[in-house]
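The block underneath contains the structure these notes are about, expressed in structure tokens.
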Amino acid sequence: MTERALAGRLAGLTGTEARLQGWVHRIRRIGGVAFVLLRDRSGVVQTVFDPNGPAAAGLAALNVEDAVEIKGVVRAEERAQGGYEIAGKQLTVIARAEVLPFEVNLPVLKVGQDLALDNHPLSLRHLRNQAIFRLKAAIIAAFRDFSGAHGMVEVQTPKIVATATEGGANLFPVDYLGRRAYLAQSPQFYKQLLVLAGFERVFEVGPVYRAEPHNTSRHLNEFTSMDWEIGFISTASDLMDLEEELLHTIVARLRGNEARHLETLGVDPAANLPAQGIPRVPLSEARRLLADRYGKELPPGDLDPEGERLLCEATGGAAFVTDWPLATRPAYAAPREDRPELTDSFDLLMGGIEVTTGGRRIHDYPKLRASLEGRGLNPASFGFYLDGFRYGAPPHGGLAIGAERLTMAMLGLGNMRDATLFPRDLERLAP
RNA sequence: GGAGGCGUGGUGUAGAUGGCCUAACAUACGUGCCUGUCACGCACGAGAUCGCGGGUUCGACUCCCGUCGCCUCCGCCA
């Protein structure tokens with residue numbers, strides 16, 4: 001049996017007989033010719049049949065999205081998109097497709113979110129969806145490669161945990177063989193401990209869970225967190241420098257290997273990356289800028305979503321917001337040396353949404369203990385975490401990038417569900 | 001948790017000052033025609049008691065109340 005050829009890789013096969021397998025993307029019957037567009041993981045290729053030839057019966061019964069095998073001779077053909085087509089000799093249906101609940105071969109999928117999710121194996125076949133998730137995979141792969149190249153070790157931290165890392169009640173309780181446990185809302189404590197454990201630099205790509213009943217286009221109850229934790233840094237600026245380099249590395253990778261998918265979506269992944277570098281704006285300055293330029297008066301505390309959008313607009317797509325007051329950050333956030341009322345931490349806003357939170361951590365054992373106590377937290381309940389700092393904890397810091405949020409920002413998506421294969425939200429637990 | 005909006009053939013939409021709705025358009029589906037299409041084209045056909053329940057009215061897809069489902073925004077964060 002001849003090896004399976006792929007629709008998007010026919011260049012070297014001109015003149016030979018090829019065997020392709022895939023799905024029927026579209027059928028066009030024009031009197032004396034029939035075109036069957038075959039789609040596989042590499043792309044779409046046109047095959048041509050004589051509707052009165054040997055394949056007549058199969059052709060007549062063919063449905064869009066049938067899984068098929070097609071044999072035929074590869075030829076260069078200017079009239080075909082992509083420059084190649086298959087002169088079809090044999091058409092075999094591997095598995096029939098029933099009449100579709102919606103069309104999957106339109107330039108843009110026209111279907112409600114709910115129906116699309118209920119039929120996700122079908123809606124994901126759409127070329128735009130294929131492009132999104134292949135690009136997301138490439139973003140994550142680039143994160144991995146970049147992290148490894150910068151001396152970080154990939155680690156796996158537990159997703160079933162005994163305590164909260166951020167405080168708050170946003171934890172999913174689970175029954176752990178009769179004991180109360182929770183789904184991890186962040187790898188925070190564990191990644192810090194692994195830095196202290198001698199790995200110095202670690203990274204993780206993994207799921208995190210937030211039991212918050214939020215109902216927006218950029219919140220889900222399960223998402224993918226891309227984390228760094230790095231020892232022996234001096235300030236959070238080191239982290240921002242590194243993240244900015246990472247973002248450019250990701251863009252280069254998408255423009256290289258994944259250019260075809262960017263083209264499908266018609267997007268520029270660097271559209272929200274300011275050419276002159278991502279500005280670093282202290283929170284107080286961001287507030288002043290919003291007031292001066294947009295007349296937007298914010299209540300004390302965090303920026304609101306509109307403020308985040310406007311700030312990105314003002315800075316050419318993205319901004320690091322720095323110098324968050326102690327009260328706005330968790331107990332482990334390290335204060336600035338020169339201005340102890342502010343933390344040495346940052347958020348990265350990109351395309352109007354918060355994509356990253358990061359910062360330097362408190363590494364001094366007595367100070368960490370005092371910070372927890374200062375928040376009214378009981379140090380005893382942080383046992384293993386706090387104890388880790390007793391034996392020579394180096395200065396360190398890290399960040400967490402929401403993989404779906406970054407994908408949204410780079411691909412210009414309006415809803416985080418579009419960047420999540422099987423989204424978990426307030427309503428949806430299946431598929 | 002709060003606010004707003006939407007629900008019309010399989011899908012996506014139009015119709016909304018109540019009567020012209022015997023509910024329209026596109027596409028998908030079925031039948032036929034067409035030698036090179038590019039979301040091919042043309043003709044014909046089938047397909048919706050307008051989410052559900054109640055009310056107002058001579059008359060409701062349209063107005064009112066309730067209910068169910070969904071979407072968006074806000075709070076919070078990645």
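Taking a sphere under 12 Å around the Cβ of residue A:202 and counting the other residues whose Cβ falls inside, with K and R at +1 and D and E at -1, yields a net charge of -3. The listed residues A:103, A:222, once ranked by accessible area (1.4 Å probe) with the largest placed first, stand as A:103, A:222.
Note: chain A, Cα convex hull, 188 Å³ per residue. Comparing A:422, A:408, A:319 along the charge dipole axis of chain A, the residue lying farthest to the positive side is A:422, per the Cβ-charge model. For residue A:99, the accessible surface of its heavy atoms amounts to roughly 140 Å² (probe 1.4 Å, protein chains only, rounded to the nearest 10). Taking the Cα centre of chain A as reference, the dipole from Cβ charges on Lys and Arg (+1) and Asp and Glu (-1) amounts to some 1000 debye. Remark on the stretch A:182-269: ratio of C-alpha radius of gyration to 2.2 N^0.38 Å is 1.38.
Taking a ≥ b ≥ c as the square roots of the eigenvalues of the alpha carbon gyration tensor, the stretch A:111-238 is oblate, as a/c is not under 1.5 and a/b does not beat b/c.
Taking the charge dipole of chain A about its Cα centre, with +1 at Lys and Arg Cβ atoms and -1 at Asp and Glu Cβ atoms, the residue from A:172, A:53, A:328 reaching farthest to the positive side is A:53. With K and R counted +1 and D and E -1, the other residues having a Cβ less than 11 Å from that of residue A:213 yield a net charge of -2. Solvent-accessible surface (1.4 Å probe) assigned to residue A:25 amounts to roughly 20 Å². Helix A:283-294 and the longest principal axis of the C-alpha atoms of chain A enclose an angle of approximately 60°.
In terms of its alpha-carbon gyration tensor, the stretch A:383-431 comes out oblate; a/c meets the 1.5 threshold, while b/c is at least as large as a/b.
Suppose we take every Cα in the stretch A:33-192 and form the convex hull; what volume per residue is that in Å³?
Numbers: hull volume 34.0 nm³, N = 160.
Each residue corresponds to 212 Å³ of Cα convex hull volume.
Note on exposure: A:160, A:250 ranked by accessible area (1.4 Å probe, complete protein assembly) read A:160, A:250, with the most exposed listed first. Shown are A:110, A:71, A:296, whose ranking by accessible area with a 1.4 Å probe and every protein chain present, most to least, is A:110, A:71, A:296.
With +1 on each Lys and Arg Cβ and -1 on each Asp and Glu Cβ, and nothing else charged, work out how big the dipole of the stretch A:294-431 is about its Cα centre, in Debye to the nearest 20.
Using Cβ point charges on Lys, Arg, Asp and Glu, the stretch A:294-431 gives about 480 debye.
Given Cβ point charges of +1 (Lys, Arg) and -1 (Asp, Glu) and nothing else, what value in debye, to the nearest 20, does the dipole of the stretch A:172-309 about its Cα centre take? Dipole about the Cα centre, nearest 20: 200 debye. What does the charge add up to near residue A:271, with Lys and Arg as +1, Asp and Glu as -1, over the other residues with Cβ less than 14 Å from its Cβ? After counting each charged neighbour, the total is -1. Taking the longest Cα principal axis of chain A as reference, the axis of helix A:127-149 is set at about 50 degrees.
The values are calculated or read from the model by the stated rules, or taken from the named source; none is laboratory data. Remember, it's a predicted structure, so these values are computed and weren't measured experimentally. Please note: Cβ atoms are built from the backbone with ideal geometry, for glycine as well, and neighbour counts cover all protein chains shown. The area values use the complete protein model at the heavy-atom level, side chains included, leaving out ligands, DNA and RNA. Shrake-Rupley method; radii C 1.70, N 1.55, O 1.52, S 1.80 Å.
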